[in-house]
Amino acid sequence: MNKAGATRFGRDWVYLAALLLGLLLLKAWLTRLAGLEMHFDEAQYWTWAQRPDWSYATKGPLVAWLIAASEGLFGHGGWQVRLPGWIAADLFLLVLYGFARDLWQSRAAGWWALLLGLTTPLYAVLGMVMTTDILLFLCWSLGLWAAYRALILERPLYWYGLGAAVGLGVLTKLSIGLLPAAVGLFVLLHPAYRRWLGNPHVWGGILLLLCIASPVIGWNAQHGWVMFRHDAGHIAQQGWSLARVGEFLLGQWLVLSPLVVALAVGRLWRRPVAPAGRFLWIVSLGCWVFFLLKAASAHILLNWPGAVYIGFVVLFAGEIERLSRRQRGLLLGGLGSSLLIVLLALFPAWFGLSEAKMGLKKLRAWRAPVTQLAEQAGPVDFLLAPDYRLASELWFYWPTRTRVYLWGNPGRRFNQYDIWAGPERERGGTGLFVSEQGYRLVWLAQDFARCDKLAPVRARTPHGERVRTLYAVRCQGFKPVETFKPGRF
């Protein structure tokens, strides 16, 4: 690298550091301005952090460990829970920059990849909350970059980087397994790369993966493989449906930014000729086809395929320099529309839309109604809720540390609350049952000596829209007649 190149490289790192620090402050301000309180998944992971373990019923332990560390350093609160997620989002953007720059040997490609990652609505919104998705994106991008350097650049020590990234991914979310599966199939189906199967560094990387993932494997072996059975429940078929395929394609098109997707598909629809591009294209497309087939057989959530687009982002970043002037103008317009989509999700009232009906409604209006409910209920020994979503929000926002249990919903899926001790130990105590579907007095009459309904509490946005209603029953003399564990995973 010449002196001018070294100077530009040094400046890039200064700009990156300033940008990523600024993003941390911006996210703290935006979430407060938008009134985004805990999503039920964030609240659930926070409950896990209160009981540190080697793994949990539905996800790995990394998200809970990070939340516990953040609150241990900075105290309890919303931004403290989200801080590790914001840092992970910054690191994800940094990896996109480094990956694209390395692949294309171009500073411009690095900055375009970062800009695409920063503005893509799916990545932007998930980067503002603390869930397993942003941790998965970081692990996936690191793993894919390591696989490229190991396989295409023939630097065998990077097999350990792939193993480490996937191992950390297992501590986050089992869907990371798609990455090594796709890389492995690529190697098996291409005779030129099969020689790597005899390389000791490949097997060393696999051993490192298993070592890092061992907490999840060991914990699940002791708990009936519940995490694996939970994920298997997601794969179960519901019958083939072209309508679901159309819904999947439309949803992905919208959350990835319509105009940017159109331009990217126009450049990437053909398989690249260069080995590096061909590798990223085939691995990413193979993983995407998995989700397409999954969408044809069962409903999937919009965020599930998010990681598989990372390879396409890196590939498209290098193609941008080859776009015509008109196409580049359309791209800039697409990036602007991406930001508009993010603003619309955060601040729907600015655009005359309902906060109670938009996608982020589940992050709104929790603290005030839960506090109001606590004031109305008075002292209670424990709380009951019919599902983990509501139970986790109650646990996080209840003014005092009060134990929360699941009760009264035999049809729900197995979750972490079923592994922890149940409410049977509260026999004789006073509990508060909270639901969003009504009072359910029939359920409670057989389990308590006396129950009294409280006035319903309506959760409203700052603009007065009702998001949900909380119904509560204060019951005394707990005497559970029958307990159960759900059989559905």
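Exactly one residue out of Val380, Val370 is touching a residue at least 40 places away in the same chain (Cβ under 8 Å), among the aliphatic types (A, V, I, L, M) and not in a helix (DSSP H, G or I): that is Val380. Could we say that Leu62 is under 21 Å from Ser392 (Cα atoms), touching a helix residue (DSSP H, G or I) at 6+ places or on another chain (Cβ under 7 Å) and at pLDDT 95 or above here? Spelling it out, Leu62 is indeed under 21 Å from Ser392 (Cα atoms), touching a helix residue (DSSP H, G or I) at 6+ places or on another chain (Cβ under 7 Å) and at pLDDT 95 or above.
Go through the residues of the range 23-40 one by one and say whether even a single one is of a type outside the set (Ser, Thr, Tyr), within 21 Å of Ile310 (Cβ to Cβ) and assigned to a helix (DSSP H, G or I). Yes: one or more hits.
For Tyr160, the conditions (1) among the hydroxyl-bearing types (Ser, Thr, Tyr); (2) under 17 Å from the mean Cα position of the chain (by Cα); (3) part of a helix (DSSP H, G or I) all hold with the exception of (2).
For Arg326, the conditions (1) of a type in the set (D, E, K, R); (2) in a helix (DSSP H, G or I); (3) not assigned by TED's automatic domain parsing to the domain that holds Trp140 are fulfilled apart from (3).
Residues that are over 23 Å from Trp288 (Cα atoms) and in a helix (DSSP H, G or I): does the range 167-188 have at least one? No.
Please note which strands (runs of 3 or more DSSP E) are completely contained in the range 384-489 and include at least 2 residues that are touching a Gly at 6+ places or on another chain (Cβ under 6 Å). Don't jump to the end; show me each part of the working.
Working: elements: 403-406, 431-435, 448-453, 457-460, 466-478.
Filter on the range 384-489 gives 448-453, 466-478.
Looking at Ala192, Ala232, Ala181, which is the one that is under 27 Å from Asp418 (Cβ atoms) and of a type in the set (A, V, I, L, M, F, W, C)? Just a single option satisfies the conditions, and that option is Ala232. Taken over the range 10-60, the residue count meeting the criterion of being farther than 17 Å from Leu360 by Cβ, among the charged types (D, E, K, R) and buried (at least 18 other Cβ atoms within 10 Å of the Cβ) is 1.
The number of residues in the range 463-489 being over 27 Å from the mean Cα position of the chain (by Cα) and closer than 30 Å to Met358 by Cα comes to 6.
From the list Trp366, Trp395, the lone residue that is crowded, with 20+ Cβ neighbours inside 10 Å, within 19 Å of Arg466 (Cβ to Cβ), of a type in the set (Phe, Trp, Tyr) and modelled with pLDDT of 95 or more is Trp366. Residues being touching a helix residue (DSSP H, G or I) at 6+ places or on another chain (Cβ under 8 Å), among the β-branched types (Val, Ile, Thr), crowded, with 16+ Cβ neighbours inside 10 Å and in a helix (DSSP H, G or I) are represented in the range 291-308 by at least one member.
Can you say whether Val63 is of a type in the set (Val, Ile, Thr), surrounded by 22 or more Cβ atoms within 10 Å (Cβ to Cβ), in contact with a Phe, Trp or Tyr (Cβ under 7 Å, 6 or more places away or on another chain) and within 28 Å of Pro348 (Cβ to Cβ), as far as the supplied structure shows? Quick ask: steps written out before the conclusion?
Details: of a type in the set (Val, Ile, Thr): yes; surrounded by 22 or more Cβ atoms within 10 Å (Cβ to Cβ): yes; in contact with a Phe, Trp or Tyr (Cβ under 7 Å, 6 or more places away or on another chain): yes; within 28 Å of Pro348 (Cβ to Cβ): yes.
Taking the combined requirement at face value, the residue satisfies it.
From the list Ile235, Ile212, exactly one residue is out of contact with any Phe, Trp or Tyr (no Cβ under 8 Å at 6 or more places or on another chain) and at pLDDT 95 or above. Which is it?
Details: Ile235 fails: at pLDDT 95 or above.
Result of the check over Ile235, Ile212: Ile212.
Look at Asp447 and say whether it is among the acidic types (Asp, Glu), over 30 Å from Pro348 (Cβ atoms) and surrounded by 13 or more Cβ atoms within 10 Å (Cβ to Cβ). In short, yes.
Conditions tested, residue by residue: (1) modelled with pLDDT of 95 or more; (2) under 25 Å from Arg364 (Cβ atoms); (3) in contact with a helix residue (DSSP H, G or I) (Cβ under 6 Å, 6 or more places away or on another chain); (4) among the polar types (S, T, N, Q).
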{"position": "Leu122", "(1), (2), (3), (4)": "yes, yes, yes, no"}
{"position": "Gly127", "(1), (2), (3), (4)": "yes, yes, yes, no"}
{"position": "Met130", "(1), (2), (3), (4)": "yes, yes, yes, no"}
{"position": "Phe137", "(1), (2), (3), (4)": "yes, yes, yes, no"}
{"position": "Ser141", "(1), (2), (3), (4)": "yes, no, yes, yes"}
{"position": "Ala147", "(1), (2), (3), (4)": "yes, no, yes, no"}
{"position": "Ala150", "(1), (2), (3), (4)": "yes, no, yes, no"}
{"position": "Arg155", "(1), (2), (3), (4)": "yes, no, yes, no"}
{"position": "Tyr158", "(1), (2), (3), (4)": "yes, no, yes, no"}
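Val260 meets all of the listed conditions (1) under 19 Å from the mean Cα position of the chain (by Cα); (2) among the aliphatic types (A, V, I, L, M); (3) part of a helix (DSSP H, G or I) but one, namely (1). Considering (1) farther than 21 Å from Leu118 by Cβ; (2) in contact with a helix residue (DSSP H, G or I) (Cβ under 9 Å, 6 or more places away or on another chain), the lone condition that Gln376 does not fulfil carries the number (2).
Could you tell me whether Gly233 is over 16 Å from Trp54 (Cβ atoms) and touching a strand residue (DSSP E or B) at 6+ places or on another chain (Cβ under 9 Å)?
Values: over 16 Å from Trp54 (Cβ atoms): yes; touching a strand residue (DSSP E or B) at 6+ places or on another chain (Cβ under 9 Å): yes.
Yes; evaluated as a whole, the condition is true for this residue.
Just a yes or no: is a residue in the range 93-102 under 30 Å from Pro191 (Cβ atoms) and either buried (at least 24 other Cβ atoms within 10 Å of the Cβ) or not charged (D, E, K, R) (or both)? Among the residues of the range 93-102, at least one is under 30 Å from Pro191 (Cβ atoms) and either buried (at least 24 other Cβ atoms within 10 Å of the Cβ) or not charged (D, E, K, R) (or both), which makes the answer yes.
If I filter the range 274-283 for residues that are in a helix (DSSP H, G or I), modelled with pLDDT of 95 or more, within 26 Å of the chain's Cα centre (by Cα) and surrounded by fewer than 16 Cβ atoms within 10 Å (Cβ to Cβ), do I get at least one hit? No: the range 274-283 contains no residue that is in a helix (DSSP H, G or I), modelled with pLDDT of 95 or more, within 26 Å of the chain's Cα centre (by Cα) and surrounded by fewer than 16 Cβ atoms within 10 Å (Cβ to Cβ). Set side by side, the residues Ala89, Ala68, Ala64 differ, and just one is out of contact with any Pro (no Cβ under 8 Å at 6 or more places or on another chain) and either at positive phi or of a type outside the set (S, T, N, Q) (or both), which is Ala89. No other residue among Ala345, Ala349 is touching a helix residue (DSSP H, G or I) at 6+ places or on another chain (Cβ under 6 Å), in a helix (DSSP H, G or I) and either among the basic types (Lys, Arg) or farther than 23 Å from Ile152 by Cα (or both) apart from Ala345.
The values are calculated or read from the model by the stated rules, or taken from the named source; none is laboratory data. What you are looking at is a predicted structure, and each value in this text was computed from that prediction instead of being measured. So basically every Cβ, Gly included, is an ideal-geometry build from the backbone, and we count neighbours across all protein chains shown.
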